[in-house]
1. Considering all projection directions equally, how large on average is the shadow of the alpha-carbon convex hull of the stretch 208-253, in square nanometres?
2. Test of understanding: in a Gaussian network model of the chain with alpha carbons linked when under 10 Å, which of D17, D178, D195 would top the mean-square fluctuation ranking?
3. Between T14 and S191, what is the label-point separation in nm under the 7 Å Cα-to-beta-carbon projection?
4. Tally Lys and Arg at +1 and Asp and Glu at -1 over the other residues with C-beta under 11 Å from the C-beta of Y237: what net charge comes out?
5. So what's the gap between the Cα centers of the stretch 155-214 and the stretch 61-135, to the nearest angstrom?
6. Which of the aspartates and glutamates could a cross-linker span from K65 if the Cα-Cα distance has to be under 14 Å and same-chain partners fewer than 8 positions apart are dropped?
7. Using the scaling law 2.2 N^0.38 Å as the reference, what is the normalised Cα Rg of the stretch 1-114?
8. Just to verify a number: FRET efficiency for K120 and R248, C-beta to C-beta distance, R0 = 35 Å, to 0.05?
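The values are calculated or read from the model by the stated rules, or taken from the named source; none is laboratory data. A quick note: this is a predicted structure, and the numbers were derived from the prediction, not measured. Ideal geometry is used to build each Cβ from the backbone, glycine not excepted, and the neighbour counts take in all protein chains shown. SASA here: full protein model, heavy atoms, side chains in, ligands and nucleic acids out. Shrake-Rupley method; radii C 1.70, N 1.55, O 1.52, S 1.80 Å.
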Amino acid sequence: MKHILRRFKQHHITADDILKAGSVPKHVAIIMDGNGRWAKKFGLPRAAGHHTGMKNVKKITIAAKTIGVEVLTLYAFSTENWKRPKEEVDYLMKLPQEFFPLEIEDLEQNNIQVRMTGSKEQLPEFALKPIENAIERTRHNDGMILNFALNYGSRLEIVHAAKHLAEDLLAGRIHTDDINEQALNDRLLTSDLPDPDLLIRTSGELRLSNFMLWQLAYTEFWFTEAYWPEFNEPLFYSAIREYQNRARRYGGL
Ligand code: IPE
Ligand code: IPE
Ligand code: MG
């Protein structure tokens, strides 16, 4: 642990460095990965990793807010995560009822709007209620959007968008010529959000795991070996600092 923290700490980038350097990504998305391996490293059960990971969410939320990020999306549970052992899924489903009562006042005071991107269908009531309450309680805030990707899967999202297009076509609400990028985008769960400018994935995995395949078409990617429970502000700001040095060309020159 000490060795790893030392290795991560050398960045020492601060919020001030970011703000002096120029533009900040409007939408940052994070695949919060590595809770289980973090726990294993300390001989703890995987649930302890998820718990410590949950405790890390507020710190990074405040770090993002401090530099003026407009949307922070956190991938918390994928549609494929249901494949995990029941015991682990049960534990993960309990996290919203732990997180929101604990953090809602701070989120409110920080003018943060809570949102959710994902399918509500399979989620148990006890997992959905706390997030729905938080969405309702923060609805009138106009600061940073804290968007939880919960029971989210990108391919399923695109399939649903395609179905909506088909229904609209069959009902005569649109014509074939109306099917374009905007029309599909409008039928995604993220239709009211800008595409992510920066994607961060922790834990050293270099893949998307079915996260926002459409929305990430021109997003900048940043990866770290750090597991999510040990991800911290200096690392977050290093990612932003690196983003500021990237040239986004969108296929142009
Ligand atoms: C991320 O950590 C949290 C979720 C996917 C819910 P993991 O549970 O995937 O941890 P690792 O990847 O097994 O270490
Ligand atoms: C992606 O992590 C999902 C979340 C972080 C919520 P996974 O741990 O599920 O991804 P894979 O299985 O390693 O690709
Ligand atoms: Mg994982």
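1. On the way: hull surface 17.0 nm².
So the Cα hull casts an average projection of 4.2 nm².
2. Of D17, D178, D195, the most mobile in the Gaussian network model is D178.
3. Taking the simple label geometry, S191 and T14 are separated by 4.5 nm.
4. With Lys, Arg at +1 and Asp, Glu at -1, the net is -3.
5. 21
6. Answer for K65, where 14 Å is the Cα cut-off: D16, D106, E108, D142, E233, listed by chain and number.
7. Values: Rg = 16.1 Å, N = 114, 2.2 N^0.38 = 13.3 Å.
My calculation over the Cα atoms of the stretch 1-114 gives 1.21.
8. For K120 and R248, the calculated efficiency is 0.55.
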